[in-house]
Amino acid sequence: MDNSIDDYILDHSSPIPPVLDWLENETVLRTNHAKMLSGPILGRVLITLSKIISPLRVMEIGTFTGYSAICLALGLRDGGHLDAFEKNDIHEPLIKEGIERAGLSGKISLHYGDALEIIPKFKDRTYDLIYIDGNKREYCRYYDAVFDLVRTGGYILADNVLWYGKVAMNPPPGDAQTQEILRFNQKVKEDTRVESFILPIRDGLSIIRKL
């Protein structure tokens, strides 16, 4: 999508909370991977979807600097909580500052380490919404690990499922990330326990509803 369309969409949509503009700027200044940030268009979509679902519990796999965690937490119902998993704590000060500025300190818990090792510790919880945006080479394993934690009628959202358009190339590239995203998309398509749709927003957002 070209920049003029992006600008038009943002100009004719509800504004992003100011804290997200601040966090985007700080991510550019304080990290070397700003392109990993969800950004305002996907952020607005995540806010809207979360408010539609009105979740009590949300799990996020891969929080980076906390942008998407804030977006998803803005849709929590009263008493709701979000568990955010991140591989390492290198950006912890920035994440915590953003969460505090958003007024969400009591609604988001940060958990550091390998998500596949952390997820089993949450097996006694049920989630209304799970957002997958971690290691692209582990998407199928993430899906399998969290599936039973999602309530019937709940949602799994997965980011980057178009992977810069590589999934539609013929033949597709053979790198591990592209091949895993292809396997993930096929896995979801063939899973009779869900219904799904890939929304072509930013790098592709898979919306998966558990039946």
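Those residues that are of a type in the set (Lys, Arg) and touching a helix residue (DSSP H, G or I) at 6+ places or on another chain (Cβ under 7 Å), I need them from the stretch 53-107; list them, please. Passing the criteria: Arg101, Lys107.
Here is a yes/no grid of residues against (1) farther than 19 Å from Leu205 by Cα; (2) in a helix (DSSP H, G or I); (3) without any contact (Cβ under 8 Å) to a residue 40 or more places away in the chain; (4) in contact with a strand residue (DSSP E or B) (Cβ under 8 Å, 6 or more places away or on another chain):
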{"site": "Leu42", "(1), (2), (3), (4)": "no, yes, no, yes"}
{"site": "Lys96", "(1), (2), (3), (4)": "yes, yes, yes, yes"}
{"site": "Ile118", "(1), (2), (3), (4)": "yes, yes, yes, yes"}
{"site": "Arg137", "(1), (2), (3), (4)": "no, yes, no, no"}
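Of all residues in the stretch 65-100, exactly one satisfies the criterion of being surrounded by fewer than 23 Cβ atoms within 10 Å (Cβ to Cβ), hydrophobic (A, V, I, L, M, F, W, C) and under 14 Å from the mean Cα position of the chain (by Cα), namely Leu74. Checked against the criterion of being part of a helix (DSSP H, G or I) and either surrounded by fewer than 18 Cβ atoms within 10 Å (Cβ to Cβ) or under 15 Å from the mean Cα position of the chain (by Cα) (or both), the candidates Gly153, Gly165 yield just one match: Gly165. Confirm whether Leu23 is modelled with pLDDT of 95 or more, closer than 20 Å to Lys96 by Cα, surrounded by fewer than 24 Cβ atoms within 10 Å (Cβ to Cβ) and out of contact with any His (no Cβ under 7 Å at 6 or more places or on another chain). Considered against the rule, which asks whether it is modelled with pLDDT of 95 or more, closer than 20 Å to Lys96 by Cα, surrounded by fewer than 24 Cβ atoms within 10 Å (Cβ to Cβ) and out of contact with any His (no Cβ under 7 Å at 6 or more places or on another chain), Leu23 comes out as no.
The values are calculated or read from the model by the stated rules, or taken from the named source; none is laboratory data. Keep in mind that what you see is a predicted model, and the values were worked out from it rather than measured. Glycine gets a Cβ as well: all are built from the backbone with ideal geometry, and neighbour counts include every protein chain shown.
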